[in-house]
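In what follows, a structure is listed as structure tokens, so that the remarks can point back to it.
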Amino acid sequence: MSKILSFDYGTVRTGLAETDDLKMMAFSLDTVPTKEIFSYLNNYLKNNQVDLFVVGEPKQMNGLESESEVYIKEFIKKLKTTYHIPIVRFDERFTSKMAFDTMIASGIGKKKRQNKGLVDKISATIILQGYLDSL
């Protein structure tokens, strides 16, 4: 069975989420230092078949590209040439806020909510579940 993998790309950290084998639900996977993302993916893809990458698309409130889009486009270019797996973009506006609200609702303590890596992988999960729900 194959999965879909999503990315909440950042210049420092990248949050990752994956689907179940039926591609119905998204699950948090990991937060990886961005400089190590391709090494991480190489290891992940040795043990998992992935049909699709979903990369978060940060936009400003007016719908224009965010400043980080320049870095994300470079990341996507390298993803395409390295793995030849189809890539779709999915709007990631408000995912960090939603991730933070999710942590509060699930009872995660204040100290643990300050962990930005946790926010990143929850954001990647929200991006992926949003994509799945849109299908």
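Which of the residues spanning region 75-86 are in a helix (DSSP H, G or I) and surrounded by 13 or more Cβ atoms within 10 Å (Cβ to Cβ)?
Initial filter on region 75-86 (in a helix (DSSP H, G or I)): 75-83.
Scanning region 75-86 gives F75, I76, L79, K80, Y83.
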(request) Would you mind telling me which numbered condition in (1) in contact (Cβ under 8 Å) with a residue 60 or more places away in the chain; (2) surrounded by fewer than 16 Cβ atoms within 10 Å (Cβ to Cβ); (3) out of contact with any helix residue (DSSP H, G or I) (no Cβ under 9 Å at 6 or more places or on another chain) I72 fails? (result) (2)
(message) Of the residues F94, F53, F38, only one is surrounded by fewer than 17 Cβ atoms within 10 Å (Cβ to Cβ) and at pLDDT 95 or above; which?
(response) F38
(request) Filter region 1-50 for residues that are outside any helix (DSSP H, G or I) and over 17 Å from I127 (Cα atoms) and give the result. (result) M1, S2, T11, V12, D21, L22, P33, N48, Q49
(request) Within region 1-32, track down each residue that is hydrophobic (A, V, I, L, M, F, W, C) and surrounded by fewer than 12 Cβ atoms within 10 Å (Cβ to Cβ). (result) M1, V12, L22, M24
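The values are calculated or read from the model by the stated rules, or taken from the named source; none is laboratory data. The shown structure was predicted, so the numbers you read here are calculated from the model rather than taken from an experiment. A quick note on method: Cβ atoms are made from the backbone with ideal geometry, for glycine too, and the neighbour counts reach across all protein chains shown.
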